[in-house]
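A short worksheet on the structure shown next.
The values are calculated or read from the model by the stated rules, or taken from the named source; none is laboratory data. These numbers come from a predicted model, not from an experiment. All Cβ positions, glycine included, derive from the backbone under ideal geometry; neighbour counts span all protein chains shown. We work out accessible area using only protein heavy atoms, side chains counted, and drop any ligands, DNA or RNA first. Shrake-Rupley method; radii C 1.70, N 1.55, O 1.52, S 1.80 Å.
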There are 2 protein chains.
Amino acid sequence: MRKVIFILSFLLLGVLQVRAQQEIVNAIFSEALSSDVAHENLRLLCETTEGRIAGSSASVRAVELTHRIMKEMGLDSVYLQEIMVPKWVRGEREIARMNSLLLGDMNLNVSALGLSVGTGQDGLSARVIEVQGIDELEEMGREQVEGKIVFFNRPFDQTHYHTFRGYGSAVDQRYSGPHAAAKLGAVAAVVRSVTSAAHDFPHTGVTFFSEEGPNVPAVAVSTLGADLLSQWLKEDPSLSLFLRTTCEQFPDTISWNVVGEIRGSKYPNEIITVGGHLDAWDNSPGAHDDGAGCMQSIEVLRLFRELSIQPKRTIRAVMFMDEEIAQRGGQAYAEYARLKEESHYFAIESDRGAYTPRGFSIDATPENLAVIQSLQPFFAPYGMHEFFAGGSGVDIEPLKNHFNMTLAGLVTDSQRYFDVHHSGNDTFDQVNRREMQLGSAAMAAIIYLIDALDLLK
Amino acid sequence: MRKVIFILSFLLLGVLQVRAQQEIVNAIFSEALSSDVAHENLRLLCETTEGRIAGSSASVRAVELTHRIMKEMGLDSVYLQEIMVPKWVRGEREIARMNSLLLGDMNLNVSALGLSVGTGQDGLSARVIEVQGIDELEEMGREQVEGKIVFFNRPFDQTHYHTFRGYGSAVDQRYSGPHAAAKLGAVAAVVRSVTSAAHDFPHTGVTFFSEEGPNVPAVAVSTLGADLLSQWLKEDPSLSLFLRTTCEQFPDTISWNVVGEIRGSKYPNEIITVGGHLDAWDNSPGAHDDGAGCMQSIEVLRLFRELSIQPKRTIRAVMFMDEEIAQRGGQAYAEYARLKEESHYFAIESDRGAYTPRGFSIDATPENLAVIQSLQPFFAPYGMHEFFAGGSGVDIEPLKNHFNMTLAGLVTDSQRYFDVHHSGNDTFDQVNRREMQLGSAAMAAIIYLIDALDLLK
């Protein structure tokens with residue numbers, strides 16, 4: 001009988017504990033949904049640091065702004081981590097103009113790809129061959145490609161529910177296409193924007209730059225522009241395209257990750273990282289990618305403070321610099337951690353757009369994966385059902401090189417992400433306050449649960 | 001042994017059947033995600049029939065447009081159902097101006113509430129008392145209220161994940177507040193817009209009109225305007241508010257539901273209805289509410305056609321008229337069905353905004369509820385996890401008065417809905433093509449499964 005009572009008390013304690021935790025999770029979500037602090041911080045970031053690609057003056061302003069925001073919160077510690085980043089500069093606004101004896105002339109909206117070389121001041125003009133991918137290009141061989149501009153026009157595959165799959169279906173053209181074309185003697189490359197949207201914004205992104213060469217000027221063209229170019233090519237295969245880009249690479253330059261901490265009460269030397277990347281493409285305010293991820297990470301600290309949740313472990317919000325080009329911020333963060341012999345317990349990144357969260361992508365041992373999946377019922381009231389094994393985020397991934405630890409990525413509704421990704425329309429007004437704050441709350445809640453319950457092995 | 005083989009074959013058949021059905025569900029989603037037909041139809045509706053409240057000329061254009069769209073699809077049958085609808089007319093643009101000896105004058109953005117009476121050409125001016133709800137008003141009593149303008153300022157509760165709960169937390173002020181104020185001698189009512197957004201758009205909606213009276217002029221004020229009015233009242237409680245609205249009610253007028261059908265191959269007399277409402281508030285393009293629901297319903301028929309899925313039962317897309325004011329379209333649809341002695345098998349409505357679908361709200365017997373819940377695995381790949389007992393949609397609900405049948409509502413991500421609901425910013429550009437099409441596909445898929453498998457009792 002005593003044993004039964006003991007077991008019943010134990011079960012009751014368990015139930016009460018789960019209820020108490022659910023109440024804290026609920027409080028986190030309620031507070032997040034009621035607050036506009038993070039959203040207003042994002043507005044400020046977008047308005048004052050548009051185009052904050054690594055190495056730019058806007059990126060320095062972004063470092064200063066987020067440093068100041070965290071300082072003013074009175075966190076236990078706020079500091080910069082010095083790193084060296086690549087410095088690629090777009091230069092003047094790109095020109096792309098179709099010239100056809102049959103059809104006339106028309107400009108297209110293009111954006112130079114990150115790391116691409118420029119055409120020089122005079123630009124270049126050449127005939128265009130359209131291909132649906134690198135395979136088709138390589139089948140053509142040097143004879144057909146040499147001296148031409150290669151136009152990669154395979155569209156984003158819309159049929160997938162998960163738009164990251166649609167992105168994956170076409171992005172090889174942007175990353176590997178220009179170099180593949182260069183190797184066959186092409187003089188430039190034009191890539192259909194890797195986007196789910198039919199509109200006139202070009203979507204940039206990094207392309208492979210070969211130290212050994214050859215490299216050719218490469219631009220993304222808007223999807224409407226790509227359709228037009230393809231149509232004109234059907235009507236006049238002999239049209240030529242004039243391209244002018246003045247991008248340049250400069251020597252690596254100094255930059256910083258920005259870090260803010262709440263010190264842990266019990267295990268201050270065990271670190272939990274929550275982060276986003278502070279840089280954004282130079283043609284964009286970078287609201288979803290990834291200003292929102294940064295402000296959500298700072299918001300996680302604010303939520304702990306506001307609700308007087310004292311973490312056992314040290315929680316760090318990290319604004320990683322240079323995700324878009326060379327991921328130096330993430331690499332440096334892991335390297336600093338190794339040098340300082342830190343102990344890292346858990347890290348989570350938000351870099352899939354500040355849309356309604358759907359779950360977490362978890363990079364962990366099977367045991368820790370199962371533990372995190374067992375938390376799903378806490379999140380079901382907030383529409384989060386997808387707790388699966390998968391990648392986390394490119395900025396926190398380097399931690400795995402040095403630490404045997406659990407990583408996660410915030411998974412959000414992906415339908416709209418590639419409408420704005422790497423493009424001028426990734427603007428503040430596209431970020432819904434409530435959707436963004438659900439993401440902040442989701443990260444705060446999973447950190448709270450993992451830390452409070454000492455869940456990870 | 002023979003029995004084992006028999007059972008195994010049976011199981012195998014079951015597995016193969018489920019696989020075949022999942023393939024059709026997948027095909028429905030892929031086709032929907034690839035198509036822009038419904039989205040472009042919505043664009044046309046929003047651009048050419050803005051402000052299509054029942055009884056308006058815009059609503060007649062909307063009837064003509066959707067009739068023509070379905071005619072051009074070559075459906076088996078396309079027709080109108082005649083109904084009588086209320087005719088409430090907003091009149092001239094409303095004026096609301098704060099007048100303070102201390103603070104000066106300032107205009108506020110307001111929108112007359114549906115069915116509200118006008119102030120007359122001269123407008124009216126009175127002192128304002130702010131209350132946080134009807135209870136507080138009634139505690140004040142006639143002495144404090146008489147001759148005043150009552151300002152209901154309890155905000156939308158942001159803390160709930162489900163925004164319909166936030167809406168429900170405040171909408172009584174809009175529906176019942178003005179009449180409650182009138183009964184205590186108020187001369188007008190101003191209601192804080194029932195919205196999740198902090199912006200300067202007023203959000204209208206219907207208010208209770210008493211045949212016996214008293215009724216007073218009533219307007220919604222934008223949330224920013226409400227905050228300002230509240231602030232000014234703190235600084236100068238004696239400020240007066242000038243209001244001018246010229247709304248009028250006219251005798252009921254003729255209108256129509258628009259219906260398109262694909263005839264069933266096996267049970268043509270059994271009807272499956274999929275619908276949305278064609279009317280929208282007169283201050284709005286009505287993109288999410290509910291132009292999208294109409295175009296999604298037509299899209300369900302297009303998806304069946306495009307994929308050569310022949311339904312056993314007759315599927316009807318219904319554009320219901322007059323959801324916003326008196327729900328006459330839904331009532332008439334049910335009444336026509338009763339008079340024609342139709343047999344109704346299933347009905348589903350989309351009227352919660354064309355956001356990413358999350359599941360279905362199901363109004364059914366416990367047995368049929370369980371059957372529909374058992375379909376959830378077909379939808380899990382599309383992020384739909386919420387299959388719960390609940391209301392369907394106000395346009396299809398009257399069917400329950402005459403038919404013992406199953407109803408459902410498409411449940412969508414609700415975070416952004418009340419940012420645009422009943423407001424001038426419910427514009428086409430707020431509707432993401434992919435999110436909308438996931439909703440079309442979800443409705444087509446559940447209709448396909450229910451029909452093909454004869455699931456409902």
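Checking each residue in the stretch A:401-422 for being more than 14 Å from chain B (Cβ to nearest Cβ) and in contact with a helix residue (DSSP H, G or I) (Cβ under 8 Å, 6 or more places away or on another chain) picks out A:401, A:402, A:403, A:405, A:406, A:407, A:408, A:410, A:422. All conditions in (1) over 27 Å from residue A:252 (Cα atoms); (2) touching a helix residue (DSSP H, G or I) at 6+ places or on another chain (Cβ under 9 Å); (3) more than 14 Å from every other protein chain (Cβ to nearest Cβ) hold for residue A:294, with the sole exception of (1). Out of the residues in the stretch B:331-359 that are assigned to a strand (DSSP E or B) and more than 14 Å from chain A (Cβ to nearest Cβ), which is surrounded by the fewest Cβ atoms within 10 Å (Cβ to Cβ)? My answer is B:343.
Using the structure shown, decide if residue B:111 is in contact with a Leu (Cβ under 8 Å, 6 or more places away or on another chain) and of a type in the set (S, T, N, Q).
Working: in contact with a Leu (Cβ under 8 Å, 6 or more places away or on another chain): no; of a type in the set (S, T, N, Q): yes.
It is false that residue B:111 is in contact with a Leu (Cβ under 8 Å, 6 or more places away or on another chain) and of a type in the set (S, T, N, Q).
Residue A:275: within 28 Å of the chain's Cα centre (by Cα) and farther than 21 Å from residue A:206 by Cβ, yes or no? So residue A:275 does not fit the description; no. Answer with yes or no whether residue B:447 is surrounded by 24 or more Cβ atoms within 10 Å (Cβ to Cβ), under 17 Å from the mean Cα position of the chain (by Cα) and of a type in the set (Val, Ile, Thr). It is false that residue B:447 is surrounded by 24 or more Cβ atoms within 10 Å (Cβ to Cβ), under 17 Å from the mean Cα position of the chain (by Cα) and of a type in the set (Val, Ile, Thr). For residue B:181, are the conditions met, namely being assigned to a helix (DSSP H, G or I), small (Gly, Ala, Ser) and either at positive phi or touching a helix residue (DSSP H, G or I) at 6+ places or on another chain (Cβ under 9 Å) (or both)? Yes, satisfied.
Could you list, ordered by first residue, the pairs with Cβ atoms under 6 Å in which the first is in the stretch B:155-168 and surrounded by 19 or more Cβ atoms within 10 Å (Cβ to Cβ) and the second is acidic (Asp, Glu), at least 6 apart or interchain? The qualifying pairs are B:166/B:157.
Could we say that residue A:415 is closer than 30 Å to residue B:165 by Cβ and open to solvent by 20 Å² or more (accessible area, probe 1.4 Å) here? Spell out the reasoning first.
Numbers: closer than 30 Å to residue B:165 by Cβ: yes; open to solvent by 20 Å² or more (accessible area, probe 1.4 Å): no.
Answer is no for this residue.
Which one of B:378, B:387 is under 29 Å from residue A:414 (Cβ atoms), open to solvent by 10 Å² or more (accessible area, probe 1.4 Å), within 14 Å of chain A (Cβ to nearest Cβ) and outside any helix (DSSP H, G or I)? Just a single option satisfies the conditions, and that option is B:387.
Is it true that some residue in the stretch A:305-315 is modelled with pLDDT of 95 or more, within 14 Å of chain B (Cβ to nearest Cβ) and surrounded by fewer than 24 Cβ atoms within 10 Å (Cβ to Cβ)? Within the stretch A:305-315, one or more residues are modelled with pLDDT of 95 or more, within 14 Å of chain B (Cβ to nearest Cβ) and surrounded by fewer than 24 Cβ atoms within 10 Å (Cβ to Cβ). For the stretch A:435-444, the criterion of being within 14 Å of the chain's Cα centre (by Cα) and part of a helix (DSSP H, G or I) is met by none of the residues. Count of the stretch B:120-134 residues, restricted to those that are open to solvent by 30 Å² or more (accessible area, probe 1.4 Å) and in contact with a strand residue (DSSP E or B) (Cβ under 7 Å, 6 or more places away or on another chain), is 4. Here is the figure for the stretch B:134-163: residues that are within 30 Å of residue A:440 (Cβ to Cβ) and touching a helix residue (DSSP H, G or I) at 6+ places or on another chain (Cβ under 7 Å) total 9. With respect to (1) touching a residue at least 12 places away in the same chain (Cβ under 8 Å); (2) among the acidic types (Asp, Glu); (3) not in a helix (DSSP H, G or I), the lone exception for residue A:367 is condition (3). Among the listed residues A:152, A:201, A:242, identify the single one that is within 14 Å of chain B (Cβ to nearest Cβ) and touching a Gly at 6+ places or on another chain (Cβ under 9 Å). Testing whether each residue is within 14 Å of chain B (Cβ to nearest Cβ) and touching a Gly at 6+ places or on another chain (Cβ under 9 Å) leaves just A:201.
Residues that are in contact with a His (Cβ under 9 Å, 6 or more places away or on another chain) and more than 14 Å from chain A (Cβ to nearest Cβ) were ranked within the stretch B:214-232; the one that is nearest to residue B:109 (Cα to Cα) is B:222. When residue A:161 is tested against (1) within 14 Å of chain B (Cβ to nearest Cβ); (2) over 19 Å from residue A:222 (Cα atoms); (3) not in a loop (DSSP other than H, G, I, E, B), only condition (3) is not met.
Cβ-Cβ contacts under 9 Å between residues 6 or more apart (or on different chains), taken from a first residue in the stretch B:210-221 that is closer than 13 Å to residue B:176 by Cα and touching a residue at least 60 places away in the same chain (Cβ under 8 Å) to a second residue that is in a loop (DSSP other than H, G, I, E, B) and of a type in the set (D, E, K, R), are listed as B:219/B:94. Residue count for the stretch B:170-198, restricted to those that are more than 20 Å from residue B:114 (Cα to Cα) and either of a type in the set (Phe, Trp, Tyr) or open to solvent by 30 Å² or more (accessible area, probe 1.4 Å) (or both): 2.
Remark: residue A:98 falls outside the filter, which requires a residue to be open to solvent by 50 Å² or more (accessible area, probe 1.4 Å) and touching a helix residue (DSSP H, G or I) at 6+ places or on another chain (Cβ under 7 Å). Considered as a group, the residues in the stretch B:394-411 that are open to solvent by 10 Å² or more (accessible area, probe 1.4 Å) and touching a Leu at 6+ places or on another chain (Cβ under 9 Å) include one that is nearest to residue B:165 (Cα to Cα), and that residue is B:397. Scanning the stretch A:345-403 for residues that are within 26 Å of residue A:268 (Cα to Cα) and within 14 Å of the chain's Cα centre (by Cα) yields A:348, A:349, A:350, A:392, A:393, A:394, A:395, A:396, A:397. Per the listing B:432, B:425, the residue uniquely open to solvent by 20 Å² or more (accessible area, probe 1.4 Å), touching a helix residue (DSSP H, G or I) at 6+ places or on another chain (Cβ under 9 Å) and within 14 Å of another protein chain (Cβ to nearest Cβ) is B:425. Scan the stretch B:245-254 for residues that are out of contact with any Lys or Arg (no Cβ under 6 Å at 6 or more places or on another chain) and buried (at least 21 other Cβ atoms within 10 Å of the Cβ) and jot them down. Across the stretch B:245-254, the qualifying residue is only B:245.
Considering the stretch A:57-115, the qualifying strands (runs of 3 or more DSSP E), each wholly inside and each with 1 or more residues that are closer than 30 Å to residue A:305 by Cβ and in contact (Cβ under 8 Å) with a residue 40 or more places away in the chain, run over A:77-89.
With respect to residue A:50, is the statement that it is within 14 Å of chain B (Cβ to nearest Cβ), buried (at least 19 other Cβ atoms within 10 Å of the Cβ) and either over 30 Å from residue A:449 (Cα atoms) or among the acidic types (Asp, Glu) (or both) true? So residue A:50 does not fit the description; no. Residue B:252 fulfils the conditions (1) over 20 Å from residue B:154 (Cα atoms); (2) assigned to a loop (DSSP other than H, G, I, E, B) except for a single criterion, (2).
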